[in-house]
């Protein structure tokens, strides 16, 4: 699914009108028809429809016509002056008037009419402002939205909740709090920001007839991952395949007192399907885990010849979980970056130890994936945590370009980017918010790379599978732990292989 900005909407509309010569009123009618599918007309008998004077308001006027034809009771309100209506909105208003349906033009003096309507109708359609809103809402518009939020039983917003900046998710003074947002052609970038969650409600994306080549012409390389992407990568195992067919991976993890991180990262690589997995750690960790990791091998740092051979022959290396933020970890990370012949996945303390040593990372030509949560990204970039949380996509893209690495920024709606192409993960839930989840993800991604999937695609697929597995488990469990993911992921992958989801 495409992610886009208000500028993308503008460019696409102009291209459809000017290059393809599709009349804008035709596109508006397509949007009206698409919205109608999501207004719960089988449940709702009466609607309050609140429109602005722009093209978003034209969508609302078209919806009023369609609902009236279906026999629904509609109360129609317009906010703004009639002479400011766009051409397409004027056309839809004229049709309504010809049908005997005359909207009420709202102002501060008659907003009681709106309140009365909202109190007695089943639901409200918000079509005041679309994606082009950039100014703060004041005056009568502020009062009207305030009334809608207070008195409406259910609100359907068309394209974007009025008052929400569709590019950054920030509220322009006040915003409609929608129960469902019906948006067109692509997921608005602002909807991905945490602050937008309280305003968008359920987000539905509908196509309105824009050709794919027009969208691709202007799109900025941002996508939401869905399961159709995953099917391409979880393929049946060939009949004559052997353990060498599924990659050799090394996990460098753990330190005294932090055995769990090493165990989780290693076992998740095993369960995701790697042919051979080796944990590289200090002697204390090896001693504790060598009898526990029954399907993986172990090596300690004193076995230099074995480690050199492992590093040179690995198809993927994951490093960092539970190692400690210290000079020893830094030395090991630098050694791996200097000697590896394969992609390297850097997590946790592998990231933290680089905060004052970023040049070590930048100057290496091998592919690198860094998997920070916001605090770790703040440490390595110098960005504030507030900036990262409020600008997750841009912060991740900037860091990827600066650090010459792929970035996987953890959290709700994990962001995966190389600085140019960006995917936002759509899976995962708060039941997974506990220790060990990041270690588990590191093992999953390392395993997928070892099996021959590119580093970028492994990050995308790994994040999706990790979250999807957690979503399945969370249906029956209040808390989802990393060990739950490890136990379940082979079954989830099998269902993806069989295309059962």
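Specify the residue that is surrounded by the fewest Cβ atoms within 10 Å (Cβ to Cβ); the eligible residues are those in region 119-132 that are closer than 27 Å to residue 30 by Cβ and out of contact with any strand residue (DSSP E or B) (no Cβ under 8 Å at 6 or more places or on another chain).
Taking the candidates together, the pick is 132.
Select from region 249-267 the residues that are surrounded by fewer than 24 Cβ atoms within 10 Å (Cβ to Cβ) and touching a helix residue (DSSP H, G or I) at 6+ places or on another chain (Cβ under 6 Å) and write down the one among them that is nearest to residue 314 (Cα to Cα).
Here the residue is 259.
Please verify whether residue 359 is touching a helix residue (DSSP H, G or I) at 6+ places or on another chain (Cβ under 8 Å) and not in a loop (DSSP other than H, G, I, E, B), treating the condition exactly as stated.
Spelling it out, it is not the case that residue 359 is touching a helix residue (DSSP H, G or I) at 6+ places or on another chain (Cβ under 8 Å) and not in a loop (DSSP other than H, G, I, E, B).
Of the conditions (1) over 20 Å from the mean Cα position of the chain (by Cα); (2) crowded, with 24+ Cβ neighbours inside 10 Å, residue 365 clears all except one; give me its number.
(2)
Filter region 474-501 for residues that are within 12 Å of residue 440 (Cβ to Cβ) and in a helix (DSSP H, G or I) and give the result.
Selection gives 482, 483, 484, 485, 486, 487, 488, 489.
Given the residues 295, 267, 238, which is the only one that is under 27 Å from residue 452 (Cβ atoms), over 25 Å from the mean Cα position of the chain (by Cα) and not assigned by TED's automatic domain parsing to the domain that holds residue 423?
238
Looking at region 254-273, which of its residues are touching a residue at least 60 places away in the same chain (Cβ under 8 Å) and more than 9 Å from residue 443 (Cβ to Cβ)?
Those that are touching a residue at least 60 places away in the same chain (Cβ under 8 Å) and more than 9 Å from residue 443 (Cβ to Cβ): 254, 255, 258, 259, 260, 261, 262, 273.
Listed residues 348, 340; which is over 25 Å from residue 436 (Cα atoms) and surrounded by 17 or more Cβ atoms within 10 Å (Cβ to Cβ)?
340
Tell me, please, whether a residue that is loosely packed, with under 14 Cβ neighbours inside 10 Å and at pLDDT 95 or above can be found in region 27-37.
Yes, there is a match, as at least one residue in region 27-37 is loosely packed, with under 14 Cβ neighbours inside 10 Å and at pLDDT 95 or above.
Looking at region 277-291, is at least one residue surrounded by fewer than 23 Cβ atoms within 10 Å (Cβ to Cβ) and on the phi > 0 side of the Ramachandran plot?
Checked against the condition, which is being surrounded by fewer than 23 Cβ atoms within 10 Å (Cβ to Cβ) and on the phi > 0 side of the Ramachandran plot, region 277-291 yields no hits at all.
If you scan region 427-450, which residues turn out to be over 17 Å from residue 489 (Cα atoms) and assigned to a loop (DSSP other than H, G, I, E, B)?
Correct list: 433, 434, 435.
The values are calculated or read from the model by the stated rules, or taken from the named source; none is laboratory data. Treat the numbers as computed from the prediction; the structure is a model and nothing was measured. Please note: Cβ atoms are built from the backbone with ideal geometry, for glycine as well, and neighbour counts cover all protein chains shown.
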